[in-house]
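Asker: Can you read through this structure? Questions will come right after.
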Amino acid sequence: MNDRSAIVVGAGIGGLSAAIALQKSGWNTEVIERATRIDPVGAGLTLQPNAVLALRRLGCSDEVEHVGAHLRFGGLRRADGSPLSVLSATDAERIEETVGAPAIGIHRATLHAALARHVDQLSLASELTAYEDRGDLVRVTTADGKQREADLLIGADGINSRLRASIQNDGAPRYAGYYCWRGVASGDAGLPKGWAAEYWGDGLRFGGCAIDDGRTYWFAVQTGPPGGATIEAGTKDSLRAMYSGFAPEVDRLLEATDPQAIIGGDIADRNPVAQWSQGRVALLGDAAHAMTPNLGQGACQAIEDALVLGEQLAAVDATGVTAALAEYQRIRVPRANKTVRMARRVGDVARMQNRLGVAVRDGALRATPASMLRSQLTRAWRLPY
Ligand SMILES: Cc1cc2nc3c(=O)[nH]c(=O)nc-3n(C[C@H](O)[C@H](O)[C@H](O)COP(=O)(O)OP(=O)(O)OC[C@H]3O[C@@H](n4cnc5c(N)ncnc54)[C@H](O)[C@@H]3O)c2cc1C
């Protein structure tokens with residue numbers, strides 16, 4: 001089975017992980033990426049334990065675990081820092097022991113570079129413009145007029161996926177009702193090692209975690225109509241003013257941030273769908289299940305996709321591709337789509353502005369027993385494959 005070939009569209013976290021998984025299963029894989037260089041937009045990222053476990057199984061977690069920050073679960077706090085839903089250190093350790101891996105905080109650029117080092121063939125400035133599933137193979141055309149053929153095609157081309165449009169045609173992503181600025185503070189702002197936390201106010205949220213190189217990633221979320229996270233509205237000074245009622249560490253993190261590196265954008269997701277594959281073509285990552293970032297699971301679920309995809313394709317030849325992709329879809333759709341729905345629900349609760357609603361929400365969160373939180377997190381972070 002030496003001559004099996006795959007094309008992966010998109011060199012995001014999903015596409016790179018998919019390529020690593022396919023290579024591991026013996027597929028000759030090329031990633032095509034429209035960008036002219038790998039320069040991921042974004043700041044930091046949390047890789048939850050399920051993703052760390054999947055990267056271990058893919059054989060590419062060493063660098064990520066070595067350089068990334070090993071996070072201690074910080075839980076949810078009110079804007080002023082008082083606890084809403086926080087686990088004790090013992091509970092957090094028990095979860096980590098049960099699931100078998102820590103959560104890792106890492107800069108996106110560090111993660112991309114670490115994954116890209118494991119990928120054999122990556123073609124930049126190669127934008128897919130068309131493809132044709134001919135039954136016995138897939139033919140791909142790129143913007144430069146070049147054609148390629150392969151036994152299978154993976155669409156890891158993000159939330160606005162062209163491949164999804166041809167399989168699902170379900171229109172544009174859904175704006176979630178809030179936008180977000182992100183940045184990286186140059187140090188730890190005096191916060192403890194492995195710090196991670198989220199602060200919920202009314203219509204404003206702030207969160208972050210330690211990442212590689214002693215830096216700290218943060219995100220600042222605001223409820224409002226789309227397009228609000230402009231550079232002008234998100235200057236360091238305006239963010240400091242906006243979050244001045246928050247716990248003092250929030251201001252310290254903003255203060256320690258390079259103002260040029262603050263980025264903003266709308267938060268969006270897609271309605272879950274049950275069909276991710278068609279013939280020799282399958283979707284992966286945000287193309288399959290774009291979700292809001294409220295659970296820190298978008299990239300983690302993409303990495304899980306890659307693991308399952310590679311395992312389903314390990315033992316099939318070119319004639320078994322369609323069945324293997326359908327099996328990948330059968331295994332992955334329920335868990336990924338449940339995560340999309342859960343992330344949306346959490347976002348809807350978190351974005352509340354109404355004072356009474358916020359008071360009820362906060363009361364309910366404080367009343368949630370630690371044992372319930374522990375079992376929810378254990379279920380979400382355990383790798384079920
Ligand atoms: C504010 C925020 C915070 C987040 N935090 C976390 C977190 O802490 N943890 C977590 O797990 N997830 C998080 N996520 C989600 C995570 O960022 C995404 O789920 C993940 O990056 C998706 O990866 P992907 O590879 O599927 O898509 P993308 O990263 O979008 O990559 C798609 C790639 O395809 C390329 N492409 C598109 N079209 C074509 C084409 N026609 N031809 C060739 N190339 C093409 C694009 O250039 C791009 O490089 C967060 C998201 C946001 C917005």
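Asker: Say we look at the stretch 297-315 and pick out the residues that are surrounded by fewer than 20 Cβ atoms within 10 Å (Cβ to Cβ) and modelled with pLDDT of 95 or more; which of these is farthest from the ligand (Cβ to nearest atom)? Before the answer, list the steps.
Answerer: Taking the stretch 297-315 as the starting set, the residues that turn out to be surrounded by fewer than 20 Cβ atoms within 10 Å (Cβ to Cβ) are 311, 314-315.
Now restrict to residues that are modelled with pLDDT of 95 or more: 311, 314.
Details: Glu311: 19, Ala314: 22 Å.
That would be Ala314.
Asker: How many residues does the stretch 83-139 contain that are within 20 Å of Leu373 (Cβ to Cβ) and more than 16 Å from the ligand (Cβ to nearest atom)?
Answerer: 17
Asker: Say whether the condition of being touching a helix residue (DSSP H, G or I) at 6+ places or on another chain (Cβ under 8 Å), surrounded by 15 or more Cβ atoms within 10 Å (Cβ to Cβ) and among the small types (Gly, Ala, Ser) is met by at least one residue in the stretch 335-346.
Answerer: For the stretch 335-346, residues touching a helix residue (DSSP H, G or I) at 6+ places or on another chain (Cβ under 8 Å), surrounded by 15 or more Cβ atoms within 10 Å (Cβ to Cβ) and among the small types (Gly, Ala, Ser): present.
Asker: Okay, moving on. Among what's in the stretch 1-45 and is β-branched (Val, Ile, Thr) and surrounded by fewer than 19 Cβ atoms within 10 Å (Cβ to Cβ), pick the residue that is farthest from the chain's Cα centre (by Cα). Don't jump to the end; show me each part of the working.
Answerer: In the first step, residues of the stretch 1-45 are kept if they are β-branched (Val, Ile, Thr); the result is 7-9, 13, 20, 29, 31-32, 36, 38, 41.
Next, from what is left, pick out any that are surrounded by fewer than 19 Cβ atoms within 10 Å (Cβ to Cβ): 36, 38, 41.
On the way: Thr36: 22, Ile38: 17, Val41: 13 Å.
Step by step, filter the stretch 1-45, then rank; the result is Thr36.
Asker: For the stretch 154-171, how many residues meet the condition of being more than 11 Å from the ligand (Cβ to nearest atom) and of a type in the set (A, V, I, L, M, F, W, C)?
Answerer: Adding up the residues that qualify gives 1.
Asker: Considering only the stretch 316-334, state which residues are among the hydroxyl-bearing types (Ser, Thr, Tyr), surrounded by 14 or more Cβ atoms within 10 Å (Cβ to Cβ) and over 13 Å from Ala6 (Cβ atoms).
Answerer: Residues of the stretch 316-334 that are among the hydroxyl-bearing types (Ser, Thr, Tyr), as a first pass: 319, 322, 328.
Those still in the list that are surrounded by 14 or more Cβ atoms within 10 Å (Cβ to Cβ) too: 322, 328.
Within the stretch 316-334, Thr322 is the sole residue that qualifies.
Asker: Given the condition within 15 Å of the ligand (Cβ to nearest atom), surrounded by 24 or more Cβ atoms within 10 Å (Cβ to Cβ) and among the charged types (D, E, K, R), answer yes or no: does some residue in the stretch 286-295 qualify?
Answerer: yes
Asker: So, in the stretch 86-119, of the ones that are over 19 Å from the mean Cα position of the chain (by Cα) and hydroxyl-bearing (Ser, Thr, Tyr), which residue ends up surrounded by the fewest Cβ atoms within 10 Å (Cβ to Cβ)?
Answerer: If we take residues in the stretch 86-119 being over 19 Å from the mean Cα position of the chain (by Cα) and hydroxyl-bearing (Ser, Thr, Tyr), then Thr90 is surrounded by the fewest Cβ atoms within 10 Å (Cβ to Cβ).
Asker: Let me ask you something else. Out of the residues in the stretch 3-14 meeting the condition of being more than 15 Å from Ala109 (Cα to Cα) and touching a helix residue (DSSP H, G or I) at 6+ places or on another chain (Cβ under 9 Å), tell me which one is farthest from the ligand (Cβ to nearest atom). Reasoning before the result, please.
Answerer: Within the stretch 3-14, the subset more than 15 Å from Ala109 (Cα to Cα) is 3-10.
Subsequent filtering for residues that are touching a helix residue (DSSP H, G or I) at 6+ places or on another chain (Cβ under 9 Å) retains 3-6, 8-10.
On the way: Asp3: 24, Arg4: 22, Ser5: 17, Ala6: 15, Val8: 9, Val9: 5, Gly10: 3 Å.
Ranking the candidates gives Asp3 first.
Asker: Going residue by residue through the stretch 163-178, is there one that turns out to be in a strand (DSSP E or B), over 22 Å from the mean Cα position of the chain (by Cα), over 22 Å from Pro226 (Cβ atoms) and without any contact (Cβ under 8 Å) to a residue 60 or more places away in the chain?
Answerer: Filtering the stretch 163-178 down to residues in a strand (DSSP E or B) leaves 174-178.
Now narrow it down to the ones that are over 22 Å from the mean Cα position of the chain (by Cα): none.
No, every residue in the stretch 163-178 fails to be in a strand (DSSP E or B), over 22 Å from the mean Cα position of the chain (by Cα), over 22 Å from Pro226 (Cβ atoms) and without any contact (Cβ under 8 Å) to a residue 60 or more places away in the chain.
Asker: Which members of the stretch 146-162 meet the condition of being assigned to a strand (DSSP E or B) and under 17 Å from the mean Cα position of the chain (by Cα)?
Answerer: Taking the stretch 146-162 and keeping what is assigned to a strand (DSSP E or B), we get 147-150, 152-155.
The answer is Gly155, and nothing else.
Asker: State whether the residues of the stretch 244-251 include one that is touching a Phe, Trp or Tyr at 6+ places or on another chain (Cβ under 8 Å), outside any helix (DSSP H, G or I) and not β-branched (Val, Ile, Thr). Show your work before the answer.
Answerer: Our first condition is that a residue be touching a Phe, Trp or Tyr at 6+ places or on another chain (Cβ under 8 Å); within the stretch 244-251, this holds for 246-247, 250-251.
The next check asks that each one be outside any helix (DSSP H, G or I); those that pass are 246-247.
Those left that are additionally not β-branched (Val, Ile, Thr): 246-247.
Yes.
Asker: Among the residues of the stretch 349-359 satisfying the criterion of being surrounded by 12 or more Cβ atoms within 10 Å (Cβ to Cβ) and of a type outside the set (D, E, K, R), which is farthest from Glu198 (Cα to Cα)?
Answerer: Step one: filter the stretch 349-359 for residues surrounded by 12 or more Cβ atoms within 10 Å (Cβ to Cβ), giving 349-353, 357-359.
Now drop any that are not of a type outside the set (D, E, K, R), which leaves 349-350, 352-353, 357-359.
Numbers: Val349: 14, Ala350: 11, Met352: 15, Gln353: 17, Gly357: 19, Val358: 15, Ala359: 17 Å.
Going through the qualifying residues, I end up with Gly357.
Asker: So, one more: Could you tell me how many of the residues in the stretch 361-385 are surrounded by 12 or more Cβ atoms within 10 Å (Cβ to Cβ), free of Cβ contacts under 8 Å to residues at least 40 places away in the same chain and among the aliphatic types (A, V, I, L, M)?
Answerer: Matching residues across the stretch 361-385 total 1.
Asker: Could you tell me how many of the residues in the stretch 51-85 are surrounded by fewer than 17 Cβ atoms within 10 Å (Cβ to Cβ) and within 30 Å of Gly245 (Cα to Cα)?
Answerer: The qualifying residues number 5.
Asker: What helices (runs of 4 or more DSSP H) lie completely within the stretch 13-100 and have 1 or more residues being free of Cβ contacts under 8 Å to residues at least 12 places away in the same chain and either more than 30 Å from Val360 (Cα to Cα) or of a type outside the set (A, V, I, L, M) (or both)?
Answerer: Working: elements: 13-24, 49-58, 62-67, 89-99.
Per the criteria, 62-67, 89-99.
Asker: Looking at the stretch 280-307, which of its residues are assigned to a helix (DSSP H, G or I), among the hydrophobic types (A, V, I, L, M, F, W, C) and within 10 Å of the chain's Cα centre (by Cα)?
Answerer: Of all residues in the stretch 280-307, those assigned to a helix (DSSP H, G or I) come to 286-289, 293-295, 298-307.
Okay, now just the ones that are also among the hydrophobic types (A, V, I, L, M, F, W, C), so 287-288, 295, 299-300, 302-303, 306-307.
Correct list: Leu295, Ala299, Cys300, Ala302, Ile303.
The values are calculated or read from the model by the stated rules, or taken from the named source; none is laboratory data. Computed from a predicted model, the values in this text were never measured in an experiment. Neighbour counts are summed over all protein chains in view; Cβ atoms, including those assigned to glycine, are modelled from backbone coordinates with ideal geometry.
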